[in-house]
1. Can you pull out every residue in segment 521-539 that is exposed (fewer than 13 other Cβ atoms within 10 Å of the Cβ) and in a loop (DSSP other than H, G, I, E, B)?
2. Within segment 592-611, does at least one residue satisfy the condition of being more than 23 Å from Ala550 (Cβ to Cβ), outside any loop (DSSP other than H, G, I, E, B), open to solvent by 50 Å² or more (accessible area, probe 1.4 Å) and among the hydroxyl-bearing types (Ser, Thr, Tyr)?
3. Within segment 171-187, does at least one residue satisfy the condition of being assigned to a strand (DSSP E or B) and aromatic (Phe, Trp, Tyr)?
4. Condition first: assigned to a helix (DSSP H, G or I) and open to solvent by 70 Å² or more (accessible area, probe 1.4 Å). Can you find one or more residues in segment 391-411 that meet it?
5. Is at least one residue of segment 750-773 among the acidic types (Asp, Glu) and in contact with a helix residue (DSSP H, G or I) (Cβ under 8 Å, 6 or more places away or on another chain)?
6. Looking at (1) open to solvent by 10 Å² or more (accessible area, probe 1.4 Å); (2) within 28 Å of Leu593 (Cβ to Cβ); (3) assigned to a helix (DSSP H, G or I); (4) not acidic (Asp, Glu), which is the one condition that is false for Asn650?
7. Sort through Leu183, Leu223 and tell me the only one that's in contact (Cβ under 8 Å) with a residue 12 or more places away in the chain, closer than 30 Å to Ile318 by Cα and touching a strand residue (DSSP E or B) at 6+ places or on another chain (Cβ under 8 Å).
8. Scan (1) under 25 Å from Leu591 (Cβ atoms); (2) in contact with a Gly (Cβ under 8 Å, 6 or more places away or on another chain); (3) among the aliphatic types (A, V, I, L, M) for the single condition Ala684 breaks and write down its number.
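The values are calculated or read from the model by the stated rules, or taken from the named source; none is laboratory data. Every value quoted in this text rests on a predicted model; they were computed, and no experiment measured them. Neighbour counts run over all protein chains shown; Cβ positions are idealised from the backbone, glycine included. Just the protein is used for accessible areas: all its heavy atoms, side chains included, with ligands, DNA and RNA removed. Shrake-Rupley method; radii C 1.70, N 1.55, O 1.52, S 1.80 Å.
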Amino acid sequence: IMSVKAFELVPAVEREQVMGEKVRINIECIECCGKHLYLGTNDCFIHHFLLEEHTTAKGKLAYNVQKLLHKYLGLKKPVAELKAASALERLIVLCDSSITVVDMGTLEPVPTGGTKLKGVTAFCINENPVTGDAFCVEMAVVLARRRAVQICTVHEDRVQMLKEVTTPEQPCALSLDGYNICLALSTQYMILNYSTGASQDLFPYDCEERKPIVKRIGREEFLLAAPGGLGMFANAEGISQRAPVSWSESVIAAAVCFPYVVALDEGFVTVHSMLDQQLKQTLSFRDGHVLQDFEGKVVLASSKAVYILVPLPLERQIQDLLASHRVEEALTLTEAAQRNIPKEKYQILHKRILQQAGFIQFGQLQFLEAKEHFRKGQLDVRELISLYPLLLPASSSFTRCHPPLHEFADLNHLTQGDQEKVQRFKRFLISYLHEVRCSDSANGFHEDVDTALLKLYAETGHESLLDLLASDNACVLADSAPWLEKHHKYFALGLLYHYNGQDSAALQMWVKIVNGDLQDSTRPDLFEYVVDFLSFCSNLDLVWRHADWALQKDQKIGVQIFTKRFTSEEKTGQLNPDDVITYLQNHSQALLLYLEHLVLEKRLQKEKYHTHLAVLYADRVLGLISRPSATDDQLSAARQKLQRLLKESNLYRVQLLLGKIQDSELLLLERATLHGKSEEHDKALHILVHQFKDSAAAEEYCSWASASHDQFYRQNLFHQLLSVYLDPDVPGGAQTVAAVDLLNRNADDFDAVRVLKLLPEEWSLPLLRPFLCGALRASVHARCTSQVAVGLARAQNLQLQHDRVSSHDLCFFLFSIKHVCFSMRALAGSLAGTAHSADTEQHSPSAPIRPV
């Protein structure tokens with residue numbers, strides 16, 4: 001059974017090399033130190049072999065084995081345990097419940113002083129020593145029938161006991177790491193710190209039912225055989241930081257070769273992952289007896305022969321997982337491989353595995369996962385684009401990675417003609433390229449990314465096509481233009497031409513669309529867009545070349561070519577208004593709109609523009625008057641424009657306009673305005689009163705004509721209007737009612753004395769009561785205001801005099817204060833008397849008219 005091939009079983013020591021012709025010889029224990037392999041047999045022999053690795057013609061690993069020596073210990077008991085102390089060149093041997101130290105080279109016993117270790121049932125070496133002495137080996141020893149563990153050190157010439165640690169029960173097996181001893185007692189597992197004395201019970205286990213397993217697998221971490229066929233992990237605190245592996249109930253030995261746990265039972269060798277606890281490989285192996293790991297090498301022995309479980313390179317294992325599309329397992333194994341691979345090499349491997357994983361999930365339509373792996377693996381996006389036929393520009397120098405990251409030829413091979421899948425793959429690529437384009441991942445190959453994105457947008461009718469072309473882009477024109485034309489994206493093609501500085505080609509394309517020669521409904525307002533484009537175009541030749549076409553289409557919109565531009569006579573690239581006016585002579589509506597732009601919007605202060613616009617307005621009005629089909633609304637709107645310009649502008653030629661409208665009896669208001677501009681107010685008022693016969697218009701004229709002048713000028717205008725009303729020599733005589741209404745409504749705009757001199761003596765007082773009351777009130781108010789001003793000035797003058805002499809003496813100071821108080825009192829009395837007098841006059845009965 002194999003989900004991943006993690007190990008290969010390679011023969012190392014054949015049966016004949018161990019026993020020769022002896023049939024009953026069995027292997028009891030093994031130890032490996034570098035290339036040296038030591039075997040302990042049941043006939044009390046130690047065999048020493050040299051293992052040399054070599055590669056076969058098929059590329060597989062094999063071993064050449066040379067037997068160097070064998071030694072009989074003379075105890076007639078099986079050799080139970082072998083442990084190498086390479087720093088001392090010693091081999092620690094457990095045989096017949098005694099520990100003996102032999103030389104690793106000669107296998108001769110070495111005389112040792114100090115503690116004699118007898119009655120030993122088990123011992124282990126501390127692979128994380130705490131003594132700090134490089135020339136001694138620490139070990140823990142279990143003695144028969146004693147509830148204790150002895151901590152000893154083995155030196156070159158002696159064995160020394162450091163400490164004895166009592167245990168709750170008789171230990172059966174143990175493993176040592178630093179100060180921590182993991183023990184299998186008769187009924188349970190426990191961890192004991194022999195430095196602090198702290199202990200932690202783990203879980204129950206019956207040693208009589210099956211052999212316990214206590215295996216140190218790393219710093220302060222142990223692997224234990226637990227009930228229920230579980231391999232449990234425990235750290236020095238008694239906590240399991242890994243999930244257990246589920247192995248056989250009959251496991252007799254275990255080893256660790258990261259990231260795998262190898263277990264041996266009666267008929268199989270199983271390989272579990274420490275990362276996901278899953279069974280990865282199962283090897284059939286009969287008569288298994290011993291399983292040990294030595295410095296990354298796993299040695300397996302039956303009773304007659306020795307084998308090596310050779311781990312396959314992690315890279316090969318990962319590739320096998322990817323080949324079977326087991327992406328998550330491959331990624332998990334890749335992350336675990338970090339501890340065994342140099343940093344730079346690992347980074348390269350990790351990126352490639354992520355990219356391969358991304359393509360596998362891409363092929364399975366798992367786009368979110370694929371995108372994430374592409375991003376983390378820093379995929380050259382062209383690897384992805386190259387799967388889509390014709391998307392890369394012809395100028396691209398890209399070649400696919402070798403060895404390849406995937407097994408796909410192209411999108412057609414991937415989808416097998418399924419158009420729904422094709423569209424899903426294209427939508428994914430659009431999304432991915434958009435993200436790449438907005439990040440730094442496209443550095444160095446923007447042309448490939450933008451061109452591919454443009455082609456996808458055009459092919460799928462994506463709304464972002466115009467956004468791409470309107471922004472900074474690196475689309476290759478030679479590749480993109482035919483593609484846009486093929487998919488009838490003519491407006492977008494124009495944008496592409498414009499971005500590449502070919503405005504003439506862009507305008508030519510857009511004009512064809514507007515004229516109907518090409519069909520493209522991208523922009524229904526394309527004509528307005530072209531006009532707007534021309535209004536900002538710096539190439540004046542293109543502007544003049546296309547202006548007539550735009551004006552022929554629509555003068556109102558076409559004239560925006562000129563009205564939206566900056567108007568300048570000096571700056572290059574801008575149009576001279578005089579040239580534009582000359583050009584527009586054959587386009588009357590456009591000419592009128594352009595002059596309105598210059599005069600009313602830009603406020604250019606040039607007489608010829610104002611006069612020209614006024615003449616056009618006048619001609620328009622006169623034309624409507626002479627046209628029987630013209631409506632009142634049309635005529636009213638045209639006259640309002642003319643009247644507004646005549647009133648607001650001071651730059652046009654008044655006499656020229658008077659000559660044009662002099663003969664029109666309908667344009668009396670316009671004629672009056674023109675006379676007003678020439679300061680001929682008497683003529684203007686005469687027209688308004690006697691010809692137009694509109695008193696309200698006459699008063700409005702006076703207000704308009706005096707708006708920018710002082711009060712005296714305004715009074716003169718209203719007096720002229722009063723004189724026109726009172727003139728008896730005109731047809732119909734004086735207009736008394738209009739004159740009375742004028743005076744009563746505008747009392748503040750008249751000099752009452754001058755008015756009383758003009759009025760006929762026979763007019764009654766009640767008729768002019770509103771006017772006279774207003775005039776009297778204004779006169780009294782003026783007198784009171786002047787008196788207050790005089791009083792304040794006097795008070796200020798006295799205060800200044802007081803301040804000047806206040807430092808002379810106290811008497812003079814008091815006199816000054818008295819004098820000031822007297823003056824203020826007199827001022828207050830004067831103001832009160834004045835107010836009383838004014839109030840009396842206002843409410844007095846009717847009296848003859850007299851000058852105020």
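1. The initial filter retains those residues of segment 521-539 that are exposed (fewer than 13 other Cβ atoms within 10 Å of the Cβ), namely 521, 524-525, 536, 538.
Within segment 521-539, Ser521, Pro524, Asp525, Ser538 meet the criteria.
2. For segment 592-611, residues more than 23 Å from Ala550 (Cβ to Cβ), outside any loop (DSSP other than H, G, I, E, B), open to solvent by 50 Å² or more (accessible area, probe 1.4 Å) and among the hydroxyl-bearing types (Ser, Thr, Tyr): absent.
3. Filtering segment 171-187 for residues assigned to a strand (DSSP E or B) gives 173-177, 180-184.
Checking the rest, the ones that are also aromatic (Phe, Trp, Tyr) come to none.
Scanning segment 171-187, I find no residue that is assigned to a strand (DSSP E or B) and aromatic (Phe, Trp, Tyr), so the answer is no.
4. In the first step, residues of segment 391-411 are kept if they are assigned to a helix (DSSP H, G or I); the result is 411.
Restricting the remaining residues to those that are open to solvent by 70 Å² or more (accessible area, probe 1.4 Å) gives none.
Scanning segment 391-411 turns up no residue that is assigned to a helix (DSSP H, G or I) and open to solvent by 70 Å² or more (accessible area, probe 1.4 Å).
5. To start, the set of residues in segment 750-773 that are among the acidic types (Asp, Glu) comprises 751, 761-762.
In the following step, the residues that additionally are in contact with a helix residue (DSSP H, G or I) (Cβ under 8 Å, 6 or more places away or on another chain) were identified as 751.
Within segment 750-773 (the criterion being among the acidic types (Asp, Glu) and in contact with a helix residue (DSSP H, G or I) (Cβ under 8 Å, 6 or more places away or on another chain)), the answer is yes, since at least one residue qualifies.
6. (3)
7. Numbers: Leu183 fails: closer than 30 Å to Ile318 by Cα.
Being in contact (Cβ under 8 Å) with a residue 12 or more places away in the chain, closer than 30 Å to Ile318 by Cα and touching a strand residue (DSSP E or B) at 6+ places or on another chain (Cβ under 8 Å) holds for just one of Leu183, Leu223, which is Leu223.
8. (1)
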